[in-house]
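Peer 1: Quick one: this structure, given as structure tokens, is what I'll be asking you about.
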Amino acid sequence: MKQTLMLVSFSVAVGCASAGRQAAWEKEATATPAAAAGDMSAKIAEGDELWAKRDDKAAVEGAIAAWEAAAKADPNNADVRVKLARAQYYLADAFVSLEEGDDLKERLMPVYEKGADWGEEALIIIDPGFAAKMKSGIDFAEAVQEIQAAGVPATYWYCTNLGRFAVQKGLSARLFYKDRVKAAMERIKALDESFFYAGADRYFGAFYSALPSIAGKDLDKSKVHFDKAISLAPQYLPTKVIMADFLLRELDDRAQYEKTLNEVLAAQEGDDPNFAPENRAAKRQAKNRLAKAADLF
């Protein structure tokens, strides 16, 4: 009972405070000068070409720059904003997270935050009714139930970036956003549980591990979701790295942690351009984690 009262008091304080960022629907719209359709198409194509080479950090940054130019030129292009949201997440996860330094969280936060921004922008373009509800003060968890299949990619990349931003930001941000991302991922799971290699289940695996005990941490639920994600998309290696990072570290199970990461290293990366670069990034992450295992347990 005492823990519950403490959580309620803390949640009220958090809800009255800034969560550290301003949502797209809270910002004033700004006019953008029109650009030639050919110029925008060329920038999108340039970004697509660089994205295909995303094993290289410079290529990812180049893709982001090209797509940002296209997005700036066309304020109604949701597709390019979804590309940007995914690219920001990948940049942070595949490259920045492997960098060293005491200020790593401070370097990761703006990358994830920018990804959340792009996801939000895409979502309100795809579903203006959702944006209207948010501006009118309707709770996000209620408004997101109206999202349809077309809004799944934008919602997913918005939430994955927002969740990682909150993890880096700290406990107050995790509590502030937890109900929002939970409702959104439940909606995604209901619409398309296979989206992005069982992304919703993968997210919930991390979600239930990362919550504080008094706010709903549930390692059994975490395992169920990770197992489901792996069964639905065994070819997608990042799921096992995320499971090691969140669930297995929370369980303090070094043996299973190392076993899981070694499975990633031993697995085939595949030749599908849609996920092979992500698998290669997962292998780099697994190698990095294994080298630091003694310090983590």
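Every number in this text was worked out from the coordinates using simple rules, so none of it is lab data. Because the structure is a prediction, the values reported are computed rather than measured. Cβ placement follows ideal geometry from the backbone for every residue including glycine, while neighbour counts extend to all protein chains displayed.
Peer 1: Cut-off 10 angstrom, C-alpha nodes, Gaussian network model of the chain. Which of Lys259, Lys178, Lys189 fluctuates the most?
Peer 2: Lys259
Peer 1: If I take every Cα pair under 8 Å that is 6 or more residues apart in the range 113-255, average their sequence separation and divide by the length, what percent do I get for the relative contact order? Could the numbers behind the result be given before it?
Peer 2: Working: 164 pairs, mean separation 27.0, N = 143.
Averaging sequence separation for qualifying contacts and normalising by length gives 19 percent for the range 113-255.
Peer 1: In what sequence do Phe297, Phe195 fall when counting other Cβ within 10 Å, fewest first?
Peer 2: On the way: Phe297 13, Phe195 16.
If I rank by nearby Cβ atoms, fewest first, I get Phe297, Phe195.
Peer 1: Would you calculate the separation in nanometres between label points at Glu193 and Leu98, each defined as 7 Å from the Cα along the Cα-to-beta-carbon direction?
Peer 2: Once both label points are built, they end up 3.3 nm from each other.
Peer 1: For Arg254 and Lys287 in the same chain, what is the full-extension length gain: residue separation times 0.36 nm, less their Cα-Cα distance, in nm?
Peer 2: On the way: separation 33, 0.36 × 33 = 11.88 nm, distance 1.47 nm.
Net length gain for the segment: 10.4 nm.
Peer 1: If each DSSP helix of 4+ residues adds -39,500 (n - 2.57) and the sum is divided by the residues in the chain, what number results at 222 nm, nearest 500 deg cm²/dmol?
Peer 2: Working: 15 runs with 204 residues, N = 297.
So the calculated ellipticity at 222 nm is -22000 deg cm²/dmol.
Peer 1: Hey, another quick one. What list of ³J(HN,Hα) values in whole Hz, one per residue of the range 278-294 in order, does the Karplus curve 6.51 cos²θ - 1.76 cosθ + 1.60 (θ = phi - 60°) give from phi, with Gly and Pro shown as x?
Peer 2: After applying 6.51 cos²θ - 1.76 cosθ + 1.60, I find 5, 5, 5, 5, 4, 5, 4, 5, 4, 4, 4, 5, 4, 5, 9, 4, 4 Hz.
Peer 1: Now, a different point. Residue by residue through the range 159-164, what is 3J(HN,Hα) from phi via Karplus (6.51 cos²θ - 1.76 cosθ + 1.60, θ = phi - 60°)? Round to whole Hz and write x for glycine and proline.
Peer 2: Calculated HN-Hα couplings, in order: 6, 5, 5, 5, x, 5 Hz.
Peer 1: Which longest run of the chain has no exposed loop site in it, a site being GluC sites (Glu not before Pro) in a DSSP loop with at most 14 other beta carbons within 10 Å, and the site itself not part of the run?
Peer 2: Working: sites that count: Glu28, Glu99, Glu100, Glu193.
Value returned for the longest uninterrupted segment is 194-297.
Peer 1: I'd like the Karplus ³J(HN,Hα) series for the range 117-125: coefficients 6.51, -1.76, 1.60, θ = phi - 60°, whole numbers in Hz, and an x wherever there's a Gly or Pro.
Peer 2: These are the phi-based 3J(HN,Hα) values: 4, 5, x, 4, 4, 4, 5, 6, 6 Hz.
Peer 1: Lysine pairs, Cα distance under 15 Å, 8 or more residues apart or cross-chain: how many in the range 99-181?
Peer 2: Working: Lys105/Lys114; Lys105/Lys169; Lys114/Lys169; Lys169/Lys178.
Qualifying lysine pairs in the range 99-181: 4.
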